[in-house]
Amino acid sequence: GIALKPGQTIAGRYELHAQIGAGGMGAVFSAFDRNRDKDIAIKVLLPQMLSSPNARERFLREARVASEMSHPNIATVFDVQKDGAYCFLTMELLNGQNLRTYLKNLKVLRKEMAVDDALRIVDQVCQALAYAHEKTVHRDIKPENIWLTDDGKAKVMDFGIALLTSSTHALETMMSAGTPYYMAPEQLAGLGGVDGRADQYAVAVMLYEMLSGQVPTGRIDSLKKVRKDVPSAVSDAVDKALSQKPANRYTSMPEFREALFRSRLSATAKNWKWLGAAAGGLT
């Protein structure tokens, strides 16, 4: 559904280089921005995603919100534009891979993700979402939307794309891509008033998958039972965040993040207390 090709120029300033990604929602190209004099990424949405005026307006509004965000763990969106039938986002060009690719590579190597690595990634995702929730809700947190850069950063991508689910084609695409596994029950039910607790649920699903190799569906064992090296505080926090009712989850992303790292904070506090006592003894 996208007839754009490498070598083509769109909007009079973006020279398309190569297609670097594709999915049910559209395609991603690397490109050169003549005005900025730098390489960027362009995410072009399928025209049918925005076939209705309401879907187009919702997307443009949410995309503008994304372009106003400035956080080290959120992929920078420069602008949202239209050229003929196409709507597209211009974004920073990132090196690395998404979390889904990383998990697949671990599976091929028959390795588990280290608990510290999983928590390091989720910590950055939580910080990004805590910032974003002051303005919007992501609604489509999943490994495909978490980018891992070569210098060790995790970046959340694709704010606003999930708002296109009012389109039948978009909903079918999300179903076939497995997105519903990460969607909170109230979101799947189409209930109004979805808030940051839906993103919290998705992060918990993602963390469970990172540490167990399985997406939690139906009746599940706590992470602590699946992997003995998972701290009890982490296991308990994930259990609470996976509650079917939003009211039974944490009230905010910062509260969820604090619960995840409670055992580490306690250990740090104990270490500082011991060091203080030892220093006093030496004095």
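The values are calculated or read from the model by the stated rules, or taken from the named source; none is laboratory data. Remember, it's a predicted structure, so these values are computed and weren't measured experimentally. When we count neighbours, we look across all protein chains shown, and the Cβ atoms used for this are built from the backbone with ideal geometry, even at glycine. Each accessible area value is taken on the protein alone, full model and side chains, heavy atoms only, with ligands, DNA and RNA left out. Shrake-Rupley method; radii C 1.70, N 1.55, O 1.52, S 1.80 Å.
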Sole miss for K38 among (1) over 30 Å from V215 (Cα atoms); (2) of a type in the set (K, R); (3) modelled with pLDDT under 95 is condition (3)
So, of the residues in region 14-25 that are without any contact (Cβ under 8 Å) to a residue 40 or more places away in the chain and open to solvent by less than 50 Å² (accessible area, probe 1.4 Å), which turns out to be farthest from the chain's Cα centre (by Cα)? L16
The residue from P72, P6 that alone is within 25 Å of A132 (Cβ to Cβ) and surrounded by fewer than 16 Cβ atoms within 10 Å (Cβ to Cβ) is P72
Subset of region 32-65, residues over 15 Å from V80 (Cβ atoms) and in a strand (DSSP E or B), comes to F32, K38, D39
Condition check for M91: open to solvent by 10 Å² or more (accessible area, probe 1.4 Å), modelled with pLDDT of 90 or more and under 12 Å from the mean Cα position of the chain (by Cα): no
Would you call P53 more than 19 Å from the chain's Cα centre (by Cα), under 26 Å from G7 (Cα atoms) and of a type outside the set (V, I, T)? no
Selection count, region 141-168, where residues are closer than 22 Å to F88 by Cβ and at pLDDT 90 or above: 8
Please find, among A31, A128, the residue that is under 14 Å from the mean Cα position of the chain (by Cα), open to solvent by less than 10 Å² (accessible area, probe 1.4 Å) and not β-branched (V, I, T). A128
Show me the helices (runs of 4 or more DSSP H) entirely contained within region 183-233 in which 1 or more residues are buried (at least 19 other Cβ atoms within 10 Å of the Cβ) and touching a residue at least 40 places away in the same chain (Cβ under 8 Å). 185-188, 196-212
